[in-house]
Amino acid sequence: MSQNHDAGMYDSVTIKHVGDLDLIEIERPECSASLTLQGGQLISYAPHGEHPVLWRNPDVAYQKGEAVRQGVPICWPWFAFLERNADPVRNSFPIQEAPAHGVARNALWRLLSITEEETSTTIAFELNAEPLGLKAVVTYRLGAVMKMELQSFNLSDQPKHLSCALHTYFAVSDIQQVSVLDLDDLPYIDSLRGWSLHKQDGPLHITEEVDRIYYDTPAILRIHDKKWERFIVLESADSRSAVVWNPWTEKSKRLSQFSPDSYRQMLCVETGKLLNDYIELEPGQSHTLDLTLSSRR
């Protein structure tokens, strides 16, 4: 391992080279996980004795400079296409040909620290986006539950407005056996219907391609998997917006790192700061977006 950290110093940490990238692998009594410096990204997480929480993509590619379609890609400091963000976010980044989902997913982050504790291993990465006047630090605490924090720092002398999302790919038994709870009566933007406004009626069952941004979301969202008899619980104290995405049949045929039937075993529910739930930072200020993932019966 580079950047002044030797994997041999840690009981739970090993390094494995896959494709173009080095994976930091965590093996503990409570869980197994893997991460990569590219994207500062959590790639896999599975509590021992349970089905994986994060989807294991059989077609994933570990290529330098290419986003890894698995785990928790970090969309920062804007989400989706920049022009679809709120005016203050767009105005903070006067960039021509801005990449979709920001600059974090494909960038090489710096390893800040590894800390082993009795019941968890904590890893932190840093991304200095100085040309944008920003810095990001992401911290993962990996144990029986997964806790992460994405911190954004304004390094400039001007106010900054940004959006972000934790583009989490969850593992499911069968998409037709799954529902997303805690969205009832919430407004959402449907990007597949001209970015029109709608209201959720009851649990969300996935029966077609879905790409929605929900707002006014509660602190807890749940994914119910009937076949695996579990709930994946997402907890966030700060987020008030979330994306639900599944490409379904036709789009699956066009996606990179994705087989035509992979939509059956995955579902993205993305904790975020989106639409008018964006982050406002004065010079020198910071913000923390938190997410805790757990699997419960």
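The values are calculated or read from the model by the stated rules, or taken from the named source; none is laboratory data. Please read these numbers as outputs of a predicted model, since none were measured by experiment. FYI the Cβ positions are ideal-geometry reconstructions off the backbone, even for glycines, and counts take in every protein chain you see. The area values use the complete protein model at the heavy-atom level, side chains included, leaving out ligands, DNA and RNA. Shrake-Rupley method; radii C 1.70, N 1.55, O 1.52, S 1.80 Å.
When restricted to Cα atoms, region 1-150 yields an Rg and a Dmax of 16.1, 48 Å, respectively.
Simple point charges give the picture: +1 on the Cβ of Lys and Arg, -1 on the Cβ of Asp and Glu, and for the chain a dipole about the Cα centre of about 520 debye. Computed from the Kirkwood radius of its Cα pairs, the Stokes-Einstein diffusion coefficient for region 123-279 at 4 °C and 1.567 mPa s stands at 76 µm²/s.
Distance distribution P(r), region 178-227, all Cα-Cα pairs, bin width 5 angstrom from 0: 5, 20, 29, 28, 13, 4, 1 percent. Based on Cα contacts under 8 Å between residues 6+ apart, the chain shows a relative contact order of 17 percent. Normalised by 2.2 N^0.38 Å, where N is the number of residues, the C-alpha radius of gyration of region 60-106 stands at 1.24. Ranking 174, 261, 225 from most to least accessible surface, computed with a 1.4 Å probe over the protein chains only, gives 261, 174, 225. Here residue 228 sits with roughly 60 square angstrom of accessible surface, probe radius 1.4 Å.
For region 171-236, the set of GluC sites (Glu not before Pro) satisfying both a DSSP loop assignment and a count of at most 12 other C-beta atoms within 10 Å is given as 208, 229. Relative protection proxy for 70-80, 30-40, from highest mean packing down: 70-80, 30-40 (other beta-carbon atoms within 10 angstrom). Taking the charge dipole of the chain about its Cα centre, with +1 at Lys and Arg Cβ atoms and -1 at Asp and Glu Cβ atoms, the residue from 40, 154, 223 reaching farthest to the positive side is 223.
Solvent-accessible area per residue in the chain equals 44 Å², computed with a 1.4 angstrom probe and all protein chains kept. Remark: for residue pairs 64/251; 147/273; 199/273, the C-alpha separation exceeds 22 Å in 64/251.
Within the accessible area of the chain, what % is carbon and sulfur when the probe is 1.4 Å and the other protein chains stay in place?
On the chain, the fraction of accessible area on carbon and sulfur atoms equals 45 percent.
The alpha carbons of region 233-297 give a radius of gyration and a Dmax of 16.1, 47 Å, in that order. Looking at the chain alone, DSSP beta bridges between its own residues are antiparallel in about 100 percent of cases. Scale the Cα Rg of region 119-158 by the rule-of-thumb value 2.2 N^0.38 Å and send over the ratio, two decimals. Dividing the Cα radius of gyration by 2.2 N^0.38 Å gives 1.45. Loop-resident trypsin sites (Lys or Arg not before Pro) (DSSP state other than H, G, I, E or B) in region 59-97 with no more than 10 further Cβ atoms inside 10 Å of their Cβ: 64. Diffusion of region 192-291 by Stokes-Einstein, at 25 °C in a medium of 0.890 mPa s and with Rh set to the Kirkwood radius over alpha-carbon pairs, works out to 158 µm²/s. Look at where the Cα atoms of region 82-101 and of region 204-248 average out, and the two centres are 26 Å apart.
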